[in-house]
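> Before I ask anything, let me first share the structure, which is written out below as structure tokens.
Readers should treat all values here as calculations from the given coordinates under stated rules, not as data from a laboratory. Predicted model only: the values in this text are computed from it and were never measured. Glycine gets a Cβ as well: all are built from the backbone with ideal geometry, and neighbour counts include every protein chain shown.
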Amino acid sequence: MPREPLQILAPDGTITAEPPIGIDETRRLYRAMVAGRLYDRKCTALQKQGRLATYAPFQGQEAAQIGAAAVLRPEDWMVATYRDAAAMWLQGYPWLNLILGRTGDERGGQAPDGVNVLPPSITVGAHMIHAVGLAWGERLQGRDRVAMTFFGDGATSEGDFHEAMNFAAVYGTATVFICQNNGWAISLPRERQTVAETIADKAVGYGMPGEYVDGNDLFAMYAVAAAAVDRARRGEGPTLIEALTYRVGPHTTADDPGRYRNQAEADAWAARDPLERVRRYLEKEGAWDAAWQEAIEADEGDLIEAAVAEAEAIAEPGVADVFDFMFADRPSHLDHQIELLQRDRGAGRA
Amino acid sequence: MAFEFEFPDIGEGLTEAIVVKWLIDLGEPVGLDEPLVEVETDKAVTEIPAPRAGVLLYQGAAEGGTILVDQLLAVIGEPGESWQPGGGTEPAGEEAPAAPIVGTLSEDADILTGSGPPALPRIRKLAGDLGVDLAAVTGSGPGGRVTEDDVRAAVSTGGGPLERRRLSPTRRAIAEHLTKSWREIPHVVTYGSADASAALAARAAAEGDTPPLEALLIAALVPLLRDYPEFNATLQGDDLVLKHFYDIGIAVDTPDGLMVAVVRDAADRTLDDLGNEIRRLAAGARERTLGAADLRGATFTLSNIGAVGGRYGTPIIPYGTTAILSVGRADPEPVVIDDEVVVGRRFPLSLAYDHRVIDGALGRRFMGAVVHAVESIGV
Amino acid sequence: MPEVTIAQALNMALDEALATDPTVLILGEDVGATGGVFRITDGLQHRHGAERVVDTPVAESGIVGAAFGLAITGMRPVAEIQFLGFAYPAYDQLVSHVSRIRNRSRHRFTAPLVVRIPYGGGIGAAEHHSESSEAILAHTPGLKVVVASRPYDAKGLLAAAIADPDPVIFLEPIRSYRAVKEEIPDQPYLVPIGEAGIEREGSDVTLVGYGAAMRDVRRAADRLAEGGVAAEVIDLRTLVPLDAATLVSSVTKTGRAVIVQEGHRTAGFAAEVVARLQEDALYSLLAPIERVTGWDTVVPLRRGEQHYIPDADRIVAAARRTLEA
């Protein structure tokens, strides 16, 4: 019998077990999921208006990201990908940075002081091992900070996934692996990425716990992530969490899912929307109404629009933005190359 | 103010798209980020959202038509606003095809071996600077390469055989020193001759080692320098500095060139002492063992050019002094004594002095005194 | 003859290879139904089947390593890596195995595979999507490295690469995929590996480029021509083995050379071309050889890319310097 993912909150908004958080915290995290979706929609639109570089939407994965990130302390580490903006934002990475990065501006990568979130990984799969080193380094320095890393089902096929899992288990680092299995790695469906029944099963081979969770269930994500983070912080080692979710949109704005997948599948998943699920729960609990929904959408939308305006108003990157961040001190060969650039810029038209 | 929306590259290197369907009709309102038009690119069918809220004033292509990247896709303005085309950016359009490949390798041996003599870039630049046509130069370097010498020879001679030698450091120092004297000191040379018989007799009569001629001459000259202090002096700015010590330079021939060695305190030395010192200096100069103390600071210089067969000359005053006397070889020659021509021997004397501090009359008087003193040696 | 883009020309070459040689197969991420991220394999899985146009898991080392094994058995795999910046996990396979097996086994085993890799910037893509690290590949003994800049060559060179008995890295300039069009034969033909192309003859200065930079080289040659300067334009087409004879022949004639590369400057491929010219054409030089290159920086993202990618302005300026030397 196929293994079923852990679920606490059913798609219809009913609960099958005690939620791990109260109503106030549920409302706070629901609001965060709404903000994530507004950001995602805004960026998709901006890209098609020529205002962003290629964008990778995460619609449908809000609960997986917000539920996992919510259990972290502010000083904990996060190593995520280009599709994890909601998780990064909840851990303190500003919308402005995220949007700047998507406009194609390296200044977006500079996290504010005190925010221990690395710039989003663009290559697939190479970053999970970094969360092993981060957690290891924290332990060596006597701190109990946890490192949480996000990646997709596709990344588990890269060799670096094996190395990250093995190192984390061998050294017992406080690393929490969040695999958002969203069904598709661009056009490759999950069942052709690996023939293992679940990705969570892979943990067995490394000697660590593997949790299989409904990634569209905020409560299940929160509960499992909280347990894994607590375990890690106690020094009991890493955990792999497979969050079963779905990439409702295309891989990126340069992709067309109509070429390789059935729209009915996406429609079926829309019925399991992670936001709607929590909304129904809150409504049943008397903690949601349309006016509040409108208010939080307006407030969160304004913050995102303000970040867009700020990102678009920033001066275009100059030569120094290209050359001055390669080394602590700019070496002479780069000085020379700046001279060459300035000598020849536009010179051919003279 | 109407907003002109140019079709962006939405798919990493796209150049165009086909308009599938307009989702907003002309003149109809559209909201911010509301889907405006559906397009099909090489990569995807996708909806383009409106970048501004307003009324759609212009559609850049009909359904089924092609829209190029950077071409005006839509104009969104206020209700009732009119907009006229013409201000939009020209689309990038199609790039002209690349020119056809016209060839690969030219298998022409003549081209591969090049034309004209080979010369390194530095030599080419030198030839250009000196106006030398490299094609007219025959290279003497490896493989017929034109060398720097070849280029310089082509400038100076137009082609005769030359040999080029780098100056030794000693020679370069001598050259520098002489150039400075010649450039700065106005030389006057006055000539005389002195009967050598007394001096030669004195040498022949000497007991033990024959004293060097320079020793006899120095002994005769030093008293004159006391009487004519302008000749044992140095010019410093506006001051003539008279020296009341007598360090006499003597020219010595060495493998590296003619050098001036210095006999210190010549006035205090006996004839034997002078002879020994001069022998020491001559030997040291030949053996390159003299130090700086033996080679600097002469107050007056005596050049025995007779030792190498010379007679009269135009000696150059060592820089920092005011005069130099050269003494030539006293060959047998016809001389007139008491109206009779007889064979006699006389020293040819050439005195160069600094005309800035010594005038002609003084120079002649000093020469007269020198003649008398030389003729009085041993008397 | 149809006028096609580079993307279409590559698709034609792959289609012909699949149709005529049963040992040819394509493997890579998303090469099947979606036709690859740049749609180069568009329609091929539909026409030739999922056994021969194979979607792989996300694993570049796996793609190249598997292609290596396939090739040794007698198959002719054509692997696709989505972007050159994603190829680094596969470098161990390329450097340690693919490039060496012929030598290690004294010709007993060979790896006649092709790895197609889109490369270069200019489309405002995300980080790692704009790399021009071809020098690393060219530096690896045992790999042939081919870079097409135009549809005719793209088709003929890819056919030659698939037919080649040794591993060939086939680099495809992303920003030229759809921007350069040309009429090409719809019948199969080969463009030999190892031959540079002289696109334009001229006597004043030799402009040397390859791949994406050729568009700017052509623009620069046009602009120089407006000023009365006749530039000879050479498209290297193959980096390894380098067609030194064509280069030397041209520079012997013109005495001046400008080498254009989008990759980083230090130890870039232009440096190799300069070295080869000074070895074999030094006595013909009338001016220092100029390099127009990217810089020793991370390739800037979309907003800063203009500071990095060599453009026609810089090429023209360099050419003029050689003429004034």
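> Rg/Rh for chain A: what does it come to with C-alpha atoms and Rh from Kirkwood? Intermediate results must be reported in sequence, preceding the final value.
Numbers: Rg = 21.2 Å, Rh = 21.3 Å.
A ratio of 1.00.
> In the structure displayed, which of A:K284/B:K21; A:K42/C:K181; A:K42/A:K284; C:K144/C:K253; A:K48/A:K202 lie more than 32 Å apart, Cα to Cα?
Working: A:K284/B:K21 42 Å; A:K42/C:K181 35 Å; A:K42/A:K284 30 Å; C:K144/C:K253 28 Å; A:K48/A:K202 38 Å.
Beyond 32 Å: A:K284/B:K21; A:K42/C:K181; A:K48/A:K202.
> Tell me the angle of helix C:6-20 to the major Cα principal axis of chain C, expressed in degrees between 0 and 90 and rounded to the nearest ten.
Result, in degrees: 40.
> Pairs of alpha-carbon atoms within less than 8 angstrom and 6+ residues apart define the contacts here; what relative contact order does chain B have, in percent?
14 percent
> Using modelled amide H (1.01 Å from N, peptide plane; none on Pro or chain starts), what sits under 5 Å from the amide H of B:S193, excluding residues fewer than 5 places away?
B:L349
> Another question, if that's okay. How long, wide and thick is the range C:28-128, going by the Cα atoms along their three principal axes, in whole angstroms, largest first?
Here the Cα extents, ordered largest to smallest, are 44, 33, 20 Å.
> Pick out, in residue order, every one of the trypsin sites (Lys or Arg not before Pro) in the range B:235-293 that is DSSP loop and has at most 12 other C-beta atoms within 10 Å; say none if there are none.
Details: sites: B:K243, B:R264, B:R269, B:R279, B:R280, B:R286, B:R288; in loops: B:K243, B:R264, B:R269, B:R288.
Answer in residue order: B:R288.
> Is the shape of the range A:1-146 rounded, prolate or oblate, going by the alpha carbon gyration tensor and its root eigenvalues a ≥ b ≥ c, with a/c under 1.5 for rounded and a/b larger than b/c for prolate?
Oblate shape, in that a/c is at least 1.5 and b/c is the bigger or equal ratio.
> Shifting gears a bit: Where both partners of a DSSP beta bridge lie in the range C:132-255, what percent of those bridges are antiparallel, to the nearest 5?
Close to 35 percent.
> Right, here's the next one. Once both axes come from the Cα atoms, what is the angle between helix C:60-72 and the longest principal axis of chain C, in degrees from 0 to 90, rounded to 10?
Helix C:60-72 sits at roughly 70 degrees to that axis.
> Could you list the trypsin sites (Lys or Arg not before Pro) in the range C:105-135 that lie in coil according to DSSP, counting only those with at most 16 other Cβ atoms within 10 Å of their Cβ?
Those that pass, being in a loop and sparsely packed, are C:R106, C:R108.
> What is the antiparallel percent of DSSP beta bridges lying wholly in the protein assembly as shown, to the nearest 5? Show your work: numbers first, answer last.
On the way: 65 of 127 bridges.
Antiparallel: roughly 50 percent of the beta bridges in the protein assembly as shown.
> Using just the alpha carbons, could you tell me how many Å³ per residue the convex hull of chain B encloses?
362 Å³
> List, largest first, the extents of the alpha carbons of the range C:199-260 along their principal axes, each in whole Å.
Between the extreme Cα coordinates on each principal axis of the range C:199-260 lie 34, 26, 15 Å.
> Kyte-Doolittle cut-off 0.5, length cut-off 18 Å along the helix's own axis using Cα: show which whole DSSP H helices in chain B pass.
On the way: long enough: B:169-184 (23 Å, -1.28); B:213-227 (22 Å, 1.59); B:271-286 (23 Å, -0.44); B:360-375 (22 Å, 0.60).
Membrane-span-like by this criterion, though nothing is claimed about a membrane: B:213-227, B:360-375.
> Moving on to the next point. Could you go through the range C:26-38 in sequence order and give the Karplus-derived ³J(HN,Hα) for each residue, using 6.51 cos²θ - 1.76 cosθ + 1.60 with θ = phi - 60°, rounded to whole Hz, and x for Gly and Pro?
10, 9, x, 7, 6, 7, x, 4, 7, x, x, 5, 10
> I need the Debye-formula profile for the range B:201-341: one equal scatterer per C-alpha, no solvent, reported as log10 I(q)/I(0) at q = 0.11, 0.21 1/Å, two decimals.
Per q value, in the given order, log10 I(q)/I(0) is -0.44, -1.38.
> Another one. Can you give the average number of partner chain beta-carbon atoms within 10 Å of each beta-carbon in peptide C:289-299, as a whole number? Write down the numbers at each step before the final one.
On the way: counts 0, 1, 1, 2, 2, 1, 11, 7, 10, 4, 1.
Mean number of neighbouring Cβ atoms from other chains: 4.
> Oh, and also: Counting helices only, and only those DSSP H runs with n ≥ 4, report the 222 nm mean residue ellipticity of chain B as the sum of -39,500 (n - 2.57) divided by its residues, in deg cm²/dmol to the nearest 500.
My calculation for chain B gives -8000 deg cm²/dmol from helical runs alone.
> Here's something else I'd like to know. Jot down the radius of gyration and Dmax of the protein assembly as shown, Cα atoms only, both in angstrom.
Considering the protein assembly as shown through its Cα atoms, Rg and Dmax are 45.2, 156 Å.
> Right, here's the next one. On a full-extension model of 0.36 nm per residue, what is the gain between A:E305 and A:I15, subtracting their alpha-carbon distance, rounded to one decimal in nm?
The span from A:E305 to A:I15 would gain 100.9 nm if fully extended.
> I'd like the GluC sites (Glu not before Pro) in the range A:123-168 restricted to DSSP loop residues with at most 12 other Cβ atoms within 10 Å, sorted by number.
Answer by residue number: there is no such site.
> Taking the alpha-carbon centroid of each part, what is the distance from the range C:61-133 to the range A:284-325 in angstrom?
Measuring centre to centre over Cα atoms gives 41 Å.
> Which is the longest part of chain B that has none of the GluC sites (Glu not before Pro) sitting in a DSSP loop with at most 11 other Cβ atoms within 10 Å?
B:1-106
> Please check chain A for the longest run free of chymotrypsin sites (Phe, Trp or Tyr not before Pro) that are loop-located per DSSP (anything but H, G, I, E, B) and have at most 16 other Cβ atoms within 10 Å.
On the way: sites that count: A:F325, A:F327.
Looking at chain A, A:1-324 is the longest stretch - no exposed chymotrypsin sites (Phe, Trp or Tyr not before Pro) with at most 16 other Cβ atoms within 10 Å.
> Something else now. Is the range A:213-350 rounded, prolate or oblate when judged by the Cα gyration tensor, a ≥ b ≥ c being the square roots of its eigenvalues, rounded requiring a/c under 1.5 and prolate requiring a/b larger than b/c?
prolate
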